[in-house]
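Novice: Before I ask anything, let me first share the structure, which is written out below as C-alpha cells.
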Amino acid sequence: MTPEASADAVRQAVHGRVFVVTVDNPPVNALGAQVRSQLRAAIEAADTHPEVDAVLLLGAGRNFIGGADIREFGKPPVPPSLPEVCNYIEASAKPVVAAIHGVALGGGLEVALAAHYRIASSDAKLGLPEVTLGLLPGAGGTQRAPRLIGAKAALDLMLSGRQIGAKEARALGLIDEIATTDDALAEGLAYTQGLLAARAPARRTRDAQGLADRTASRTAIEAARTEVSKSTRHLFSPMKIVDAVQAALEMPFDDGLCHERQLFLQCLDSPQRAGLVHAFFAEREARKAPETRKAKPRAIRSVGVIGGGTMGAGIAVALLDAGLPVAMIERDDASLLRGEALVEKVYDRLIAGGRMSLQEKADILARLHGSTSYDALDKADLVIEAVFEDMAVKKAVFAELDRVCKPGAVLATNTSYLDIDAIAASISRPADVVGLHFFSPANVMKLLEVVVPAQSSADVIATAFDLAKKLRKVPVRAGVCDGFIGNRVLAIYRAAADHMMEDGASPYQIDRAVRDFGFPMGPFQVSDLAGGDIGWATRKRRAATRDPKLRYVQIADRICERGWFGQKTGRGFYLYTDGGRTGKPDPEVEAIIDAERKRAEITPRTFTDDEIMRRYMAAMINEAANVVHEGIALRPLDVDVTFVHGYGFPRHRGGPMKYADTVGLASVLADIREFAQEDPLFWKPSTLIVDLVERGATLASLNQSA
Ligand code: T1G
C-alpha cells in the first residue's frame, strides 16, 4: 500500500490498481464542507492517476457516512455542494465502488448511489431519513433511488425514513453484494478487483431502468400522494418527496436533479426543518446532564422492580427488553401472579403479531424472577419502586430497600409527583436515591424524567442516564417539584383549557383545535385515555393547598362524580360505544357544562380555534419558562424534549420553547398580558419571558451546554 497525499477529512491510498478513498470525519463521517471538497479532490486524483483502474469509497470508524452535516443547515452554503460531488463521483470514467459498513444514511447513501457498485457488510444499515428532519434526499437520492429500485420501494424508503438491513437492500437492488466479513477494506478491495477482472464498466445509476414500467411507477406515485395527504397532512416535506419522484419519472435526469434542488431548498427554508433539526440535537444534548461528565455510572447488572401493576410491569418489560435480569417484588402471591401475567401479555401480543417467537419469549421470561420477599433484592444493583402513589407507602418500601439492598445499590422511585427529597431523607443512604419517572406504557414511551434530589451523588445520576441509554429511552434531567417538568406544565395548560370550556368553548372544539395544531389528541381526549380519576385524585390532593383566589373549574369533578372516568368506564368527556377507543361528543356532558356555567354565573361566548391555541400555548410556554427559570429544567431544550417525547407535542414544531421563539417571545408575552386583564392571578407573566423580551433575546440563547 503506498499512501498518497493524506488530507485530514478524506484519506487517499493506492492498493494495487485500486485508489482507496476513506472519509474520516468523526463521529459519523458527516459530509461537511471540508469532506465534500476533499472527496471531490480524491475522485479527481483517482481519475488522473495513471496506475489506477478503479476507486473504492470507505468510511473510517464505525460507519460509512452518516449523512450531510446537519449543523450546516440554515447557514450560507459552502461549495462544492453534495449534489455536485455526487454527480462528479458518478461521472468518473473509472468504476467507483462503495463499501458500506455501519450506517449509510441520507447523503451518505446518496454518495453510495452515485458510485457505480455497492457492497455492504451484513450488519450495515442503509436509509434516507431526511424526511425526519423536514427535508428530502437533496443530493440526487430522489432521482437515483427510483431508477435503481423502482418508484414504490424508493418512495417507501424516503417517506418512512426507516433504516433497512443489508439483506433487504440486496433484495431491492440498492446494493450488489453482501460482504462475508465486516472488514470493509478487504471486502471492498476483493470485490473491486473482481469487477476489474470481469472488466466491469463504470455503471451509472442515472442510466438504471427502475422507472421503465411507467404505469407501475405512476401508480406508485399516486398511491404515495394519497397516503401522504392522509397520514402526514401536517408535514411539508413528504409531498415534496412525491413531487421529486414524479419529476424522476417525467423529466430527463439532469432536469430532475434541478427540480429536486428546488424542492430541497423549499424544505430547507420551512419552519418544520428548523423544528425537526432542533428536536434532533435537543434530545442528544439533553442526555448530557452535568453529572454525566462529573462521574462514572455504577455498573447495572441486575435490577429489582417493586410493584407489578401497570407501571411496574411496564418498567419490568423495558428492563427485560434491554437484556437485564429482573426481580419483581409484590406483596403477595396473587399480586405477583397478576404482575407476571401483565409482563407475559406484552410478549404474547408480539407473538400474535408475528414479531416474536415462543422461544424468544421463553428466553426473555427466563430473566424474570418474582418474589414476595425483599430479600430477593440483596444482589440488585438498582431497584425501581412503582407502588401506590402515597408517601407513607413509598417510605415503607424504601425502609425495606435500606434494610436489604447491598451498599452502592441505586434506589429509584417512579413517583410522578411526590417529594423525592422527603423519600431520600427517610433512609440511611439518601445519596443513593434518584427519581426515574417513566411514562405509561413504560416499555413504549421514550421519555424518562431523571429527577434529581438534593442529596443524590453525581454517580447515581450518571447511572440513571446510563440506564436510559441501555433502555433506549430519551432522558431529561428534572429538579424536584410537584409534577417535575411535564406534569407541572400540563396542569397549567389543562387549566387554561378548562377555563375556556367554562367560558364557552366545547371540549370537543378545544380537542379539535389542539389536534389541528399537530398533537395526536386534545386534553380532554388525553384525560379520557389516561383515566379522569387520576386527575381527579390530583385535584383532591391539591385542594387543601390550592389558593382559594385561583379560578377553579368544577366540570371535570362533576363528570368524575358520576364515575365517568373515560375509556375505561365507557364514557368520560366522550361517549365510547361498543368498547371503541374513538369517542363521540356526549350531550349529557354538554348539559353538565351548561349547568356549571350557570352555577358560576358565566355567560358563554364563542372562541375561534386560533384563540384557543393562543391561550393553550401561552399557558404552556409561560409555565415552561417558570420551570426553566427555577432550574427544574436545565435549559429550554430540556422542556422541548420532555414535551416532544412525553406529551405528544408535534415534533416538527421542535417543542414549546422552540415554538415560542418561532412565533416570537414578544408576541407570546403580549398574549399573556392580554389574558391577564381578565385573570391576573392565573396569567402572571414568567420573569424569564419578561427578561428575555426586554433584552431582545430568545429562549434558544439559554440552550448552551449544561
Ligand atoms: N450531522 C451532524 N452531526 C451529526 C449527524 C449529522 N448528520 N449525525 C450525528 N451527528 C452527531 C450527533 O449530534 C452527536 O453529536 C454525534 O454525532 C453522535 O450521534 C443532502 C440533507 C448516524 C445513526 O439523518 O441517525 O443527509 O451529541 O449520538 O447513536 O440528502 O447519529 O456527540 O455532540 O446519534 O451512534 C441525514 C442522523 C442528514 C442521520 C449514529 N442523516 N444521525 O448514531 O450517535 S440530512 C441523518 C443519526 C442529509 C442529504 C440530506 C445517528 C447515527 P454529539 P449519535 P449514534
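The values are calculated or read from the model by the stated rules, or taken from the named source; none is laboratory data. On a predicted model such as this, the values are computed, not experimentally measured, just so you know. Neighbour counts run over all protein chains shown; Cβ positions are idealised from the backbone, glycine included.
Novice: If the requirement is being away from the ligand (no atom under 11 Å from the Cβ) and at pLDDT below 95, which of these qualifies: K94, K75?
Specialist: Residue meeting the stated conditions: K75.
Novice: Continuing with the same structure: Please indicate, with yes or no, whether at least one residue in segment 52-60 is assigned by TED's automatic domain parsing to the domain that holds H101 and within 13 Å of the ligand (Cβ to nearest atom).
Specialist: Yes - at least one qualifying residue is present in segment 52-60.
Novice: Further, regarding this structure: How many of the residues making up segment 553-571 are in a helix (DSSP H, G or I) and within 20 Å of A505 (Cβ to Cβ)?
Specialist: Quick first cut of segment 553-571, residues in a helix (DSSP H, G or I) only: 555-561, 567-569.
Those still in the list that are within 20 Å of A505 (Cβ to Cβ) too: 555-559.
Number satisfying all stated conditions: 5.
Novice: Listed residues L490, L550, L529; which is over 21 Å from the mean Cα position of the chain (by Cα), within 23 Å of Y616 (Cα to Cα) and in a helix (DSSP H, G or I)?
Specialist: Just one listed residue meets the conditions, L529.
Novice: Sticking with this one: Under 8 Å between Cβ atoms, which residue pairs at least 6 apart in sequence (or on different chains) link something in segment 98-113 that is at positive phi with a partner that is within 7 Å of the ligand (Cβ to nearest atom) and in a helix (DSSP H, G or I)?
Specialist: Taking only residues 6 or more apart or on different chains, the pairs are G106/P129; G106/E130; G106/G141.
Novice: Being more than 8 Å from the ligand (Cβ to nearest atom) and assigned to a strand (DSSP E or B) is the filter; apply it to segment 112-126 and report the residue that is farthest from the chain's Cα centre (by Cα).
Specialist: Taking the candidates together, the pick is Y117.
Novice: Also, I was wondering about something else. For segment 54-76, enumerate the residues that are assigned to a loop (DSSP other than H, G, I, E, B) and either touching a helix residue (DSSP H, G or I) at 6+ places or on another chain (Cβ under 9 Å) or among the polar types (S, T, N, Q) (or both).
Specialist: Going residue by residue through segment 54-76, those that are assigned to a loop (DSSP other than H, G, I, E, B) are 60-64, 66-67, 69, 73-76.
Result: N63, F64, G66, G67, D69, F73, G74.
Novice: Here is a follow-up. Could you run through segment 646-677 and say how many residues are part of a loop (DSSP other than H, G, I, E, B) and either touching a residue at least 12 places away in the same chain (Cβ under 8 Å) or closer than 16 Å to I492 by Cβ (or both)?
Specialist: Going through segment 646-677 one residue at a time, the tally reaches 6.
Novice: For a quick check of your reading of the model, give me the residue pairs whose first member lies in segment 537-561 and is closer than 20 Å to D679 by Cα, whose second is of a type in the set (A, V, I, L, M, F, W, C) and not in a helix (DSSP H, G or I), with beta-carbon atoms closer than 7 Å and at least 6 apart or on different chains.
Specialist: What qualifies is K549/L681; L550/L681; L550/F682; R551/F682.
Novice: Residue check: is R287 of a type in the set (K, R) and either within 17 Å of E130 (Cα to Cα) or within 16 Å of the ligand (Cβ to nearest atom) (or both)?
Specialist: For R287, the condition - of a type in the set (K, R) and either within 17 Å of E130 (Cα to Cα) or within 16 Å of the ligand (Cβ to nearest atom) (or both) - is met.
Novice: Take A289 and decide whether it is surrounded by fewer than 19 Cβ atoms within 10 Å (Cβ to Cβ), of a type in the set (A, V, I, L, M, F, W, C) and more than 30 Å from R147 (Cα to Cα).
Specialist: Against the criterion (surrounded by fewer than 19 Cβ atoms within 10 Å (Cβ to Cβ), of a type in the set (A, V, I, L, M, F, W, C) and more than 30 Å from R147 (Cα to Cα)), A289 does not qualify.
Novice: Which condition breaks for I492 when tested against (1) over 27 Å from E601 (Cβ atoms); (2) among the β-branched types (V, I, T); (3) surrounded by fewer than 23 Cβ atoms within 10 Å (Cβ to Cβ)?
Specialist: (1)
Novice: If you check A248, A223, which single one turns out to be assigned to a helix (DSSP H, G or I), surrounded by fewer than 15 Cβ atoms within 10 Å (Cβ to Cβ) and in the same structural domain as L155 (by TED's automatic domain parsing)?
Specialist: The unique qualifying residue is A223.
Novice: Of the numbered conditions (1) more than 17 Å from Q262 (Cβ to Cβ); (2) within 15 Å of the ligand (Cβ to nearest atom); (3) surrounded by 23 or more Cβ atoms within 10 Å (Cβ to Cβ); (4) β-branched (V, I, T), T132 satisfies every one except a single condition; which is it?
Specialist: With respect to (1) more than 17 Å from Q262 (Cβ to Cβ); (2) within 15 Å of the ligand (Cβ to nearest atom); (3) surrounded by 23 or more Cβ atoms within 10 Å (Cβ to Cβ); (4) β-branched (V, I, T), T132 is out only on (3).
Novice: Does any residue of segment 553-571 turn out to be under 30 Å from L235 (Cα atoms) and either touching a strand residue (DSSP E or B) at 6+ places or on another chain (Cβ under 8 Å) or outside the structural domain of G655 (by TED's automatic domain parsing) (or both)? Show your work before the answer.
Specialist: From segment 553-571, those under 30 Å from L235 (Cα atoms) are 567; that's our starting set.
Next, from what is left, pick out any that are either touching a strand residue (DSSP E or B) at 6+ places or on another chain (Cβ under 8 Å) or outside the structural domain of G655 (by TED's automatic domain parsing) (or both): none.
No; the residues of segment 553-571 include none that is under 30 Å from L235 (Cα atoms) and either touching a strand residue (DSSP E or B) at 6+ places or on another chain (Cβ under 8 Å) or outside the structural domain of G655 (by TED's automatic domain parsing) (or both).
Novice: Working only within segment 149-174, note down all residues that are outside any loop (DSSP other than H, G, I, E, B), small (G, A, S) and out of contact with any helix residue (DSSP H, G or I) (no Cβ under 6 Å at 6 or more places or on another chain).
Specialist: Across segment 149-174, the qualifying residues are S160, G165, A166, A169, A171.
Novice: In segment 459-475, what residues are closer than 17 Å to K294 by Cα, of a type in the set (A, V, I, L, M) and touching a helix residue (DSSP H, G or I) at 6+ places or on another chain (Cβ under 7 Å)?
Specialist: Answer for segment 459-475, where residues must be closer than 17 Å to K294 by Cα, of a type in the set (A, V, I, L, M) and touching a helix residue (DSSP H, G or I) at 6+ places or on another chain (Cβ under 7 Å): V460, I461, A462.
Novice: Determine whether L105 is over 23 Å from H15 (Cβ atoms) and either modelled with pLDDT of 95 or more or not assigned by TED's automatic domain parsing to the domain that holds A171 (or both).
Specialist: In short, yes.
Novice: From the list R233, R199, exactly one residue is on the phi > 0 side of the Ramachandran plot and assigned to a loop (DSSP other than H, G, I, E, B). Which is it? Steps first, please.
Specialist: On the way: R233 fails: on the phi > 0 side of the Ramachandran plot.
None of the other options fit; the residue is R199.
Novice: How many of the residues in segment 143-188 are in contact with a His (Cβ under 9 Å, 6 or more places away or on another chain) and farther than 19 Å from R62 by Cα?
Specialist: Qualifying residue count for the region: 1.
Novice: Given the options A464, A468, A513, name the one that is under 27 Å from K684 (Cβ atoms), touching a residue at least 24 places away in the same chain (Cβ under 8 Å) and either assigned by TED's automatic domain parsing to the domain that holds T642 or assigned to a helix (DSSP H, G or I) (or both).
Specialist: It is A513.
Novice: Just wondering, is there one or more residues in segment 610-632 that are buried (at least 23 other Cβ atoms within 10 Å of the Cβ) and not in a helix (DSSP H, G or I)?
Specialist: Yes, because at least one residue in segment 610-632 is buried (at least 23 other Cβ atoms within 10 Å of the Cβ) and not in a helix (DSSP H, G or I).
Novice: Being under 23 Å from V96 (Cβ atoms), among the aliphatic types (A, V, I, L, M) and either in contact with a Gly (Cβ under 8 Å, 6 or more places away or on another chain) or within 16 Å of the ligand (Cβ to nearest atom) (or both) narrows it down to one of L174, L155, so name that one. Steps first, please.
Specialist: Numbers: L155 fails: under 23 Å from V96 (Cβ atoms).
From the options L174, L155, the qualifying one is L174.
Novice: Please state which one of S37, S81 is within 13 Å of the ligand (Cβ to nearest atom), on the phi < 0 side of the Ramachandran plot, of a type in the set (S, T, Y) and more than 28 Å from the chain's Cα centre (by Cα).
Specialist: Sole residue among the options that is within 13 Å of the ligand (Cβ to nearest atom), on the phi < 0 side of the Ramachandran plot, of a type in the set (S, T, Y) and more than 28 Å from the chain's Cα centre (by Cα): S81.
Novice: Assess whether R199 counts as being among the basic types (K, R) and either without any contact (Cβ under 8 Å) to a residue 40 or more places away in the chain or within 16 Å of the ligand (Cβ to nearest atom) (or both).
Specialist: Yes, satisfied.
Novice: Same structure, new question: Would you check which residues across segment 546-586 are modelled with pLDDT under 90, among the hydroxyl-bearing types (S, T, Y) and either over 17 Å from M521 (Cβ atoms) or buried (at least 21 other Cβ atoms within 10 Å of the Cβ) (or both) and list them?
Specialist: Selection gives T577 alone.
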